[in-house]
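The values are calculated or read from the model by the stated rules, or taken from the named source; none is laboratory data. Remember, predicted model here, so these are calculated numbers, not experimental data. With ideal geometry, Cβ positions are generated from the backbone for all residues, glycine too; neighbour counts draw on all protein chains shown. All accessible areas refer to the heavy atoms of the entire protein, side chains included, with ligands and DNA or RNA removed. Shrake-Rupley method; radii C 1.70, N 1.55, O 1.52, S 1.80 Å.
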Number of protein chains: 2
Amino acid sequence: MTHTAEILSVGTELLLGNIANTDAQDVSVALSELGIDVRWHTVVGDNPERVKQAVAVARTRADILIATGGLGPTYDDLTKKTLAEAFGKKLVFHEPSARKIRELYFQRLKTEELPDHALLQAWLPEGCTVFENSCGTAPGCGFEAGGMHVLMLPGPPSECRAMLRTGAVPYLKSLSDSVLVSRNFRIFGIGESSCEQLLRDVMESSENPTLAPYAKEGEVLLRLTAKAGSEEEAGAMMAPLENHVREILGDLIYGVDVDSLEQVVSGLLKERGQTLASAESCTGGLIAKRMTDLPGSSAVFLGGAVTYSTPSKHRVLGVDETLLREKGAVSPETAAAMAEGARALYGADYALSTTGVAGPDSDERGNPVGLVYVALASGRGTVVREFRCGSVRARCRSIAVNHALDMLRRELLGLSQPE
Amino acid sequence: MTHTAEILSVGTELLLGNIANTDAQDVSVALSELGIDVRWHTVVGDNPERVKQAVAVARTRADILIATGGLGPTYDDLTKKTLAEAFGKKLVFHEPSARKIRELYFQRLKTEELPDHALLQAWLPEGCTVFENSCGTAPGCGFEAGGMHVLMLPGPPSECRAMLRTGAVPYLKSLSDSVLVSRNFRIFGIGESSCEQLLRDVMESSENPTLAPYAKEGEVLLRLTAKAGSEEEAGAMMAPLENHVREILGDLIYGVDVDSLEQVVSGLLKERGQTLASAESCTGGLIAKRMTDLPGSSAVFLGGAVTYSTPSKHRVLGVDETLLREKGAVSPETAAAMAEGARALYGADYALSTTGVAGPDSDERGNPVGLVYVALASGRGTVVREFRCGSVRARCRSIAVNHALDMLRRELLGLSQPE
C-alpha cells in the first residue's frame with residue numbers, strides 16, 4: 001500500500017514569517033527517501049481551534065500526519081493536547097520522559113527548580129511510541145488512530161532533524177512496502193544547466209530509476225533514485241545509469257552520498273596522515289569553521305589564521321610588507337605568501353589561503369566584487385588560482401571556500417587543477 | 001474590516017524538500033507589516049486537481065489568497081490556468097506582457113527564437129491588475145472574485161520578493177485599514193521559559209499589544225506587537241509594555257530590532273573606534289566567521305587565530321608549553337593565555353578566546369562535552385568565564401560564540417559579567 005502524508009507545522013512564528021519552514025523541508029526529504037508521497041504541507045498558528053480544523057482537513061486527504069512544533073513547555077505549545085483530543089487519545093504521564101526532563105534541567109542546565117510547566121512535556125498520548133529528544137526537553141511520539149498514523153516532532157530545527165532520524169524514520173519504515181534508494185552525486189566545478197545538458201538523454205528517458213539535478217550553493221547535487229522491493233534490487237537497477245554518470249562527469253564528482261567537500265578532503269587527509277592549515281582574508285574563518293564542523297577534525301586540521309586586516313597579514317603570517325604595498329592584499333602574490341606563511345606557522349603539510357573582494361563594495365584598488373585568489377601551499381610548492389565567486393557576499397564566501405577545498409582535493413588525488 | 005489570508009505555494013519541489021518555502025516566509029512578513037492576518041500556509045504539488053482542492057479549502061477560511069509558484073512557461077506551471085478556472089475567470093492575452101517577454105528572451109537572454117510556451121505567460125485573468133516581473137519573464141496578477149482577493153506571484157524567490165514589493169504590497173495596501181507594528185527584543189542569557197515566567201502576567205493579560213517569546217538558537221526573541229490605525233498610535237499603545245519589559249529584563253536585552261549579537265558588538269566597537277581579534281579552539285573560526293559576515297567589519301575586526309591543535313596554541317599564540325601540559329588545552333588558564341596571545345599578535349584593543357569540548361566525545365582529560373572557557377583580554381586585564389553549552393556539537397559552538405560576544409558587549413557597556 002502506498003502512503004500519502006501531510007505535514008502540519010504549528011507555530012505563529014511561521015505565519016509571521018519569522019522563520020522559514022525548514023522542518024517541513026527536512027521531514028519531506030526524509031519521507032521521500034522512504035518512498036512516502038508527501039502531498040501537502042499545512043502551516044497553522046498556535047491556536048487550538050485552527051489546529052483542529054487543519055487535522056480535520058488532513059484526515060480527508062492523507063493517511064500519515066506529521067506534526068512539527070508546539071511540543072514545548074510554554075502556554076502556546078498546544079499540539080500534543082489538541083491532536084490527542086482530535087484523535088480521541090488520553091494523555092498519560094510518561095515517567096521515563098519526566099526523568100529525562102528533570103535530569104536535563106538540574107544537571108545540564110543547572111536550574112535550581114523545575115520551571116512551572118516543564119513536566120507538561122512528559123504527558124503523552126496513551127499507547128504511543130515515544131521518540132526521545134536527544135537535543136532538547138520535549139519528547140515526540142507516534143501512534144495510530146482512526147486509520148491514520150500521527151507523528152509529532154519538536155519545532156526547533158535541530159531537535160526535529162535529530163528526532164526524525166532516531167524516532168520518526170524507524171517508525172515509518174515499518175509502514176512502507178517498497179524502498180526508495182538514492183545515490184547522491186556531489187558535483188563541483190560545473191553548473192546545473194551544463195550538467196543537465198550533458199545528461200539530458202538519460203534524464204528524459206528513464207522513469208525508474210530517475211536522475212535529477214538540484215542546484216546547491218555553488219555546486220550541483222545529482223540524485224539517482226530507484227523504487228524497488230529491496231535495497232539490493234534497487235542497487236542493481238541503478239548500476240548501469242550510475243556507470244554512465246561517472247563516465248560523463250568523471251572527476252567533477254567529488255563524492256557520492258557524502259555531505260560536503262570538507263568531509264571528502266578531511267577523509268583524504270586522514271587516510272594519508274597529513275595535516276591542513278588555513279589563512280583566510282575574504283572568507284573570514286569559513287574554511288576553519290567548515291573543517292571544524294566535522295567531529296574529529298583535530299586529527300587533520302591544525303588551525304588557521306584569519307587575517308582580515310592588511311597589517312595582520314604581515315604580523316601574523318609574515319607576508320612581506322613591500323609585497324602588500326606593491327601588489328595589494330588582493331593579489332595572487334599575497335595569496336601565495338599567505339598560504340606559505342600559514343603552512344610554516346602551523347607546521348602543516350598543506351595550507352589553503354583566500355584573499356578577495358566579498359563585497360558589497362569593490363576594494364580601494366578597484367578589484368571587482370567577487371574576485372578571489374585561492375592558493376594552496378605544500379611540500380611540492382604553491383599554486384594560485386583566480387576565481388569569480390559572484391557578487392552576493394555570503395554566497396561569494398561560500399563559493400570561494402568550495403574552490404579552495406576542491407583545489408586541495410585535486411592535489412590530494414593527483415588530478416589536474418581547473419583552468 | 002480585518003482581512004485573513006492564506007498563502008498557497010504550488011510546487012512539487014517543495015513537497016520533495018528540495019527547497020524550503022521561503023516565498024511563504026517573505027509573503028508572510030510583508031502581509032504582517034500590512035496588518036493582514038496570515039492564518040494558513042498550504043503547499044501543494046504541480047497537480048491541477050489538488051490545487052483546486054486547496055483553493056476550495058482556502059475559500060472557506062480566508063478572504064485573501066496569495067499563490068506563489070507555477071507561473072512559468074513549462075508544462076508543470078499550472079497555477080494561473082487552474083486558479084482562473086476555480087474563480088470563473090477567462091484568461092486573456094496581455095500584449096504589454098508579451099512584449100516584455102519577447103524583449104527579455106531576444107535582448108537579454110540572446111535566444112534566437114522564442115521557446116515553445118514562452119508566450120503562455122502573457123495570458124492573464126480578465127480584468128486583473130498585472131504585476132510586472134522585474135527579475136524574470138512571468139508576470140503576476142491580482143483580482144477579486146467571489147468575495148476573495150486572489151494574487152499570484154512567481155516561485156523563484158528573488159522574483160517573488162521583488163514583485164511583492166512592487167506589485168502585491170501596493171495592491172494589498174488599499175485593502176487594509178490597520179497597521180501591525182512590532183518591536184523585537186533580542187535577549188541573551190536567559191531561556192524561553194524563564195523569560196516567560198518573568199513576564200507571564202503581562203503576556204496573558206494583554207491582547208493588543210501582544211507580547212510573545214520565541215526561542216532562537218541559544219537566545220530568546222521577545223516580540224511586542226500592536227495593531228492600530230497608524231504607526232504612531234501603535235507606538236503609543238506599546239510604550240507602557242515596552243517600559244515594563246525593559247524594567248524586568250534589563251541588560252539581558254542586547255538589542256531591539258537588531259539582527260545579532262555580532263551586529264551589536266560591531267556597532268559598539270565602531271562607535272568607540274576600537275578593534276577586536278579572536279583566538280578560537282572549540283569554536284573553530286565561528287567568531288571570525290560571524291564577525292566577518294557583517295559587511296564593513298574590517299573596521300573593527302582585525303582577524304583571529306584558529307588554534308585547533310594543542311601545539312598550535314603555543315606556536316601561533318605563544319601559550320606557554322608548560323601551562324598547556326600542566327593545565328591542559330581546556331582550562332581557564334589556557335583560555336586567558338590564548339586571548340592575551342591573540343590581542344598581542346593582532347595588536348587589537350580586545351581579544352576573545354574559546355577553548356572547550358564541543359563533542360561528540362569528552363576530551364582526554366575527562367572534561368565533559370559542552371564545557372567551554374571563554375576569555376576576554378583588554379587593556380584592563382583578562383576575564384575568564386566557564387559555560388556549559390550543551391552536547392550537540394553545532395549548537396555548542398554557536399552558544400559558546402554567543403557567550404563570548406555577550407561578554408564583550410558587557411565589557412563595552414560597563415555591565416557586570418554573568419556568574
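Residues to consider are A:Ala228, A:Ala277, A:Ala236; find the one that is among the hydrophobic types (A, V, I, L, M, F, W, C) and within 29 Å of B:Leu286 (Cα to Cα).
Result: A:Ala277 is the single residue among A:Ala228, A:Ala277, A:Ala236 that is among the hydrophobic types (A, V, I, L, M, F, W, C) and within 29 Å of B:Leu286 (Cα to Cα).
Does B:Leu252 satisfy the criteria of being more than 30 Å from B:Asp363 (Cα to Cα) and in the same structural domain as B:Arg183 (by TED's automatic domain parsing)? Against the criterion (more than 30 Å from B:Asp363 (Cα to Cα) and in the same structural domain as B:Arg183 (by TED's automatic domain parsing)), B:Leu252 qualifies. Tallying residues that are in a helix (DSSP H, G or I) and either closer than 15 Å to B:Ser353 by Cβ or touching an Asp or Glu at 6+ places or on another chain (Cβ under 8 Å) (or both) within the range B:323-333 yields 5. Scoring A:Arg410 on the criteria (1) of a type in the set (D, E, K, R); (2) closer than 22 Å to A:Gly218 by Cβ; (3) within 14 Å of chain B (Cβ to nearest Cβ) leaves a single failure, condition (3).
I'd like to know if the range B:15-26 contains one or more residues that are open to solvent by 10 Å² or more (accessible area, probe 1.4 Å), of a type in the set (S, T, N, Q), without any contact (Cβ under 8 Å) to a residue 12 or more places away in the chain and over 30 Å from A:Glu33 (Cα atoms). No - not one qualifying residue is present in the range B:15-26. Output the number of the condition that B:Leu198 fails; it satisfies all remaining conditions of (1) at pLDDT below 90; (2) over 20 Å from A:Leu71 (Cβ atoms); (3) hydrophobic (A, V, I, L, M, F, W, C). The number of the failed condition is (1). Right, B:Gly328: on the phi > 0 side of the Ramachandran plot, more than 13 Å from chain A (Cβ to nearest Cβ) and either open to solvent by less than 10 Å² (accessible area, probe 1.4 Å) or hydrophobic (A, V, I, L, M, F, W, C) (or both) or not? The answer is yes for B:Gly328. Listed by first and then second residue, the pairs linking a residue in the range A:91-106 that is touching a residue at least 12 places away in the same chain (Cβ under 8 Å) to a residue that is among the polar types (S, T, N, Q) and not in a helix (DSSP H, G or I), with Cβ atoms under 6 Å apart and 6 or more places separating them unless they lie on different chains, are A:Ile101/A:Thr137; A:Leu104/A:Thr137; A:Tyr105/A:Thr111.
Yes/no matrix, rows are residues, columns are (1) of a type in the set (A, V, I, L, M); (2) out of contact with any Leu (no Cβ under 6 Å at 6 or more places or on another chain):
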{"position": "B:Ile101", "(1), (2)": "yes, yes"}
{"position": "B:Phe106", "(1), (2)": "no, yes"}
{"position": "B:Leu120", "(1), (2)": "yes, yes"}
{"position": "B:Gly127", "(1), (2)": "no, yes"}
{"position": "B:Cys135", "(1), (2)": "no, yes"}
{"position": "B:Ala138", "(1), (2)": "yes, no"}
{"position": "B:Ala145", "(1), (2)": "yes, yes"}
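If the condition is being part of a strand (DSSP E or B) and open to solvent by less than 30 Å² (accessible area, probe 1.4 Å), then the range A:114-136 contributes A:Leu124, A:Pro125, A:Phe131.
For residues that are among the polar types (S, T, N, Q) and surrounded by 12 or more Cβ atoms within 10 Å (Cβ to Cβ), scanning just the range B:200-230, find the one that is farthest from B:Asp177 (Cα to Cα). My answer is B:Ser206. Only a single criterion out of (1) assigned to a loop (DSSP other than H, G, I, E, B); (2) away from every other protein chain (no Cβ under 11 Å); (3) touching a helix residue (DSSP H, G or I) at 6+ places or on another chain (Cβ under 7 Å); (4) open to solvent by 50 Å² or more (accessible area, probe 1.4 Å) is not satisfied by B:Arg365, namely (3). Screening A:Ala394 against (1) within 23 Å of B:Ser298 (Cβ to Cβ); (2) in contact with a Phe, Trp or Tyr (Cβ under 8 Å, 6 or more places away or on another chain); (3) outside any strand (DSSP E or B) leaves a single unmet condition, (2).
Specify which of the listed residues (B:Ala62, B:Ala86, B:Ala56) is within 28 Å of A:Lys52 (Cβ to Cβ), surrounded by fewer than 21 Cβ atoms within 10 Å (Cβ to Cβ) and among the aliphatic types (A, V, I, L, M).
Of the residues listed, the single one that is within 28 Å of A:Lys52 (Cβ to Cβ), surrounded by fewer than 21 Cβ atoms within 10 Å (Cβ to Cβ) and among the aliphatic types (A, V, I, L, M) is B:Ala56.
Filtered by the rule that a residue be modelled with pLDDT under 95 and crowded, with 24+ Cβ neighbours inside 10 Å, the range A:157-171 gives a lone residue, A:Glu159.
Condition first: part of a loop (DSSP other than H, G, I, E, B) and touching a strand residue (DSSP E or B) at 6+ places or on another chain (Cβ under 9 Å). Now tell me which residues in the range A:139-180 satisfy that. Reasoning before the result, please.
We begin by selecting, within the range A:139-180, every residue part of a loop (DSSP other than H, G, I, E, B); these are A:139, A:146-147, A:154-156, A:174-178.
Matches in the range A:139-180: A:Pro139, A:Pro154, A:Gly155, A:Pro156, A:Leu175, A:Ser178.
So, B:Ala342, is that one part of a strand (DSSP E or B) and either touching a residue at least 24 places away in the same chain (Cβ under 8 Å) or more than 12 Å from chain A (Cβ to nearest Cβ) (or both) or not?
So B:Ala342 does not fit the description; no.
The set of residues in the range B:172-189 being modelled with pLDDT under 90 and either away from chain A (no Cβ under 11 Å) or open to solvent by less than 30 Å² (accessible area, probe 1.4 Å) (or both) consists of B:Lys173, B:Ser174, B:Leu175, B:Ser176, B:Asp177, B:Ser178, B:Val179, B:Val181. Taking B:Lys110 as the residue in question, decide whether it is over 27 Å from A:Gln53 (Cα atoms), at pLDDT below 95 and loosely packed, with under 15 Cβ neighbours inside 10 Å. Spelling it out, B:Lys110 is indeed over 27 Å from A:Gln53 (Cα atoms), at pLDDT below 95 and loosely packed, with under 15 Cβ neighbours inside 10 Å.
Within the range B:345-362, the set of residues being more than 32 Å from the chain's Cα centre (by Cα) and more than 10 Å from chain A (Cβ to nearest Cβ) comprises just one member, B:Ser362.
Taken over the range B:368-391, the residue count meeting the criterion of being open to solvent by 40 Å² or more (accessible area, probe 1.4 Å) and within 27 Å of the chain's Cα centre (by Cα) is 2. The helices (runs of 4 or more DSSP H) found entirely in the range A:1-113 that carry 2 or more residues being more than 9 Å from chain B (Cβ to nearest Cβ) and out of contact with any helix residue (DSSP H, G or I) (no Cβ under 7 Å at 6 or more places or on another chain) are A:48-59, A:79-86, A:95-103.
Sort out which residues of the range B:210-231 are over 24 Å from A:Gly155 (Cβ atoms) and not hydrophobic (A, V, I, L, M, F, W, C), and write them in order of number. Step through it out loud before you land on a result.
Just the residues of the range B:210-231 that are over 24 Å from A:Gly155 (Cβ atoms), to begin with: B:226-231.
Within the range B:210-231, B:Lys227, B:Gly229, B:Ser230, B:Glu231 qualify.
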